[in-house]
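Input: a single structure, listed below in structure tokens.
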Amino acid sequence: DTGVSQDPRHKITKRGQNVTFRCDPISEHNRLYWYRQTLGQGPEFLTYFQNEAQLEKSRLLSDRFSAERPKGSFSTLEIQRTEQGDSAMYLCASSQDSRAADTQYFGPGTRLTVL
Amino acid sequence: AQSVTQPDIHITVSEGASLELRCNYSYGATPYLFWYVQSPGQGLQLLLKYFSGDTLVQGIKGFEAEFKRSQSSFNLRKPSVHWSDAAEYFCAVDNYGQNFVFGPGTRLSVLP
């Protein structure tokens, strides 16, 4: 069990640029989640997938944010036309299935800094 | 809407002292509750969870938590804190199997 991995760990970009983050869940985990965490706050839910289906995306912060999980394995989160307010830690988590109370396992996160 | 509050932003305890971190939730059904710990620059690690049965649950690293439905609380405790316990602690509630709703966190500092 290699755990959830995220790449890159850190990303510095200029305002207006597009960025893409990758998450590799624990193998055979069907659920994959994206959260955003700003300084001094708890993680804030963005979106999640059941296999390749994106089941909730209304919590994405704006239409500049999009996520995919094309083959039900890894996922990408893209932010277009980044703004300074997008600076945060982006966390990915996975869980084995869709039961309530199923533990979510978190990756180390991608820290985004928008200059 | 579901919510989680952690009234203490920052707590400082001496090494070897006991610890209690408070968590209150607002949820419309039987809650599934979690405590996670986050060390600087790290992801979140699960300490323990409650979903049914015994209201006192044991976790890793010597932590335990007690679910009290009447008080809508799920407080985390440890009888003797170690310096390595210094971290940020987050309480979370499962939101109907869709996602977790997290509290704002409590930062724990440990004095030698």
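Couple of notes before you dig in:
- If the condition is being more than 10 Å from chain B (Cβ to nearest Cβ) and over 12 Å from A:A88 (Cβ atoms), then the stretch A:23-49 contributes A:C23, A:D24, A:P25, A:I26, A:S27, A:E28, A:H29, A:N30, A:L32, A:F49.
Residue-wise test of (1) at pLDDT 95 or above; (2) within 14 Å of another protein chain (Cβ to nearest Cβ).
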| residue | (1), (2) |
| --- | --- |
| B:G53 | no, yes |
| B:F63 | yes, no |
| B:K68 | no, no |
| B:V101 | no, yes |
| B:R107 | yes, yes |
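- Candidates in the stretch A:59-87 are the residues that are within 14 Å of chain B (Cβ to nearest Cβ) and aliphatic (A, V, I, L, M); of these, the one that is surrounded by the fewest Cβ atoms within 10 Å (Cβ to Cβ) is A:L60.
- Of all residues in the stretch B:24-51 being within 11 Å of chain A (Cβ to nearest Cβ) and of a type in the set (F, W, Y), the one that is nearest to A:P43 (Cα to Cα): B:Y36
- The criterion of being within 14 Å of chain A (Cβ to nearest Cβ) and either of a type in the set (D, E, K, R) or closer than 23 Å to A:V4 by Cβ (or both) does not hold for B:L21.
- Positions within the stretch A:27-45 being touching a residue at least 40 places away in the same chain (Cβ under 8 Å), within 14 Å of the chain's Cα centre (by Cα) and surrounded by 15 or more Cβ atoms within 10 Å (Cβ to Cβ), in sequence order: A:R31, A:L32, A:Y33, A:W34, A:Y35, A:R36, A:Q37, A:P43
- Which numbered condition A:R9 fails, given (1) of a type in the set (K, R); (2) touching a Leu at 6+ places or on another chain (Cβ under 7 Å); (3) surrounded by fewer than 18 Cβ atoms within 10 Å (Cβ to Cβ): (2)
- Given (1) within 12 Å of chain A (Cβ to nearest Cβ); (2) modelled with pLDDT under 95, index of the condition B:G59 fails: (2)
The values are calculated or read from the model by the stated rules, or taken from the named source; none is laboratory data. Please read these numbers as outputs of a predicted model, since none were measured by experiment. Here the Cβ is made from the backbone with ideal geometry for all residues, glycine too, and neighbour counts use every protein chain on show.
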